[in-house]
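Q: Below are the structure tokens for one structure; questions will follow.
The values are calculated or read from the model by the stated rules, or taken from the named source; none is laboratory data. Since the structure is predicted, the reported quantities are computational estimates derived from the model, not experimental observations. FYI the Cβ positions are ideal-geometry reconstructions off the backbone, even for glycines, and counts take in every protein chain you see.
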Ligand code: 5GP
């Protein structure tokens, strides 16, 4: 697995510092609000687990699964809901937890959907932001780190469902795509 990585973009140590910083900020901003944290599966898993442990106020956890990529390395722009929340967001302060924002289509669609379902407020926290990939106007509220226009894997992010368990964010060697 590690030998397929050409370059490490965000190290384990940096990820730890990011989750600590974001966790502290969210604890302050949501004090007294009992937020509902909604993780977008499968990519959010490592980030969500580490982040919620750094948030020091009462919160609820829920998940949704949406798909935008179809196994490749380019976004299709389509968003399908594959697994939905099993609680109401009516009057809730929702914090969507995402691994990466690229085109912005996923988050812009989910944000509109949850507002339509009656959420009181919606903020988005993302580990990675790739603003160069935007096709819709979307600015995440909390950003771990901004990265260049590269396809990355690790810490939840996959290539054909693999590499999610790398403890850092990296770029694959080009020959991995032609295997
Ligand atoms: P968006 O709707 O912003 O284009 O896409 C968000 C989703 O696209 C992410 O949750 C992730 O699944 C996928 N994605 C976007 N950029 C990358 C990337 O560099 N690497 C991987 N593995 N997935 C990405």
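Q: Kindly indicate the residue of region 163-179 that is touching a residue at least 40 places away in the same chain (Cβ under 8 Å) and not in a loop (DSSP other than H, G, I, E, B) and also surrounded by the fewest Cβ atoms within 10 Å (Cβ to Cβ) among those meeting that condition.
A: Per the criteria, the residue is 174.
Q: In addition: With respect to the numbered conditions (1) in a strand (DSSP E or B); (2) within 11 Å of the ligand (Cβ to nearest atom); (3) at pLDDT below 95; (4) over 18 Å from residue 161 (Cβ atoms), which one is the sole condition not fulfilled by residue 66?
A: For residue 66, the failing item is (4).
Q: Taking region 109-128, which residues are within 11 Å of the ligand (Cβ to nearest atom) and either surrounded by fewer than 20 Cβ atoms within 10 Å (Cβ to Cβ) or farther than 16 Å from residue 171 by Cβ (or both)?
A: Once the filter is applied, which keeps residues that are within 11 Å of the ligand (Cβ to nearest atom) and either surrounded by fewer than 20 Cβ atoms within 10 Å (Cβ to Cβ) or farther than 16 Å from residue 171 by Cβ (or both), region 109-128 yields 109, 110, 124, 126.
Q: Please go through (1) over 13 Å from residue 104 (Cβ atoms); (2) within 12 Å of the ligand (Cβ to nearest atom); (3) crowded, with 18+ Cβ neighbours inside 10 Å for residue 144 and return the number of the only condition it doesn't satisfy.
A: So the condition that residue 144 fails would be (2).
Q: Select from region 91-134 the residues that are closer than 30 Å to residue 167 by Cβ, touching a strand residue (DSSP E or B) at 6+ places or on another chain (Cβ under 7 Å) and part of a helix (DSSP H, G or I) and list them in ascending order.
A: 106, 107, 110, 111, 131
Q: Among (1) more than 19 Å from residue 43 (Cα to Cα); (2) away from the ligand (no atom under 11 Å from the Cβ), there is one condition residue 136 misses while meeting the rest; what is its number?
A: (2)
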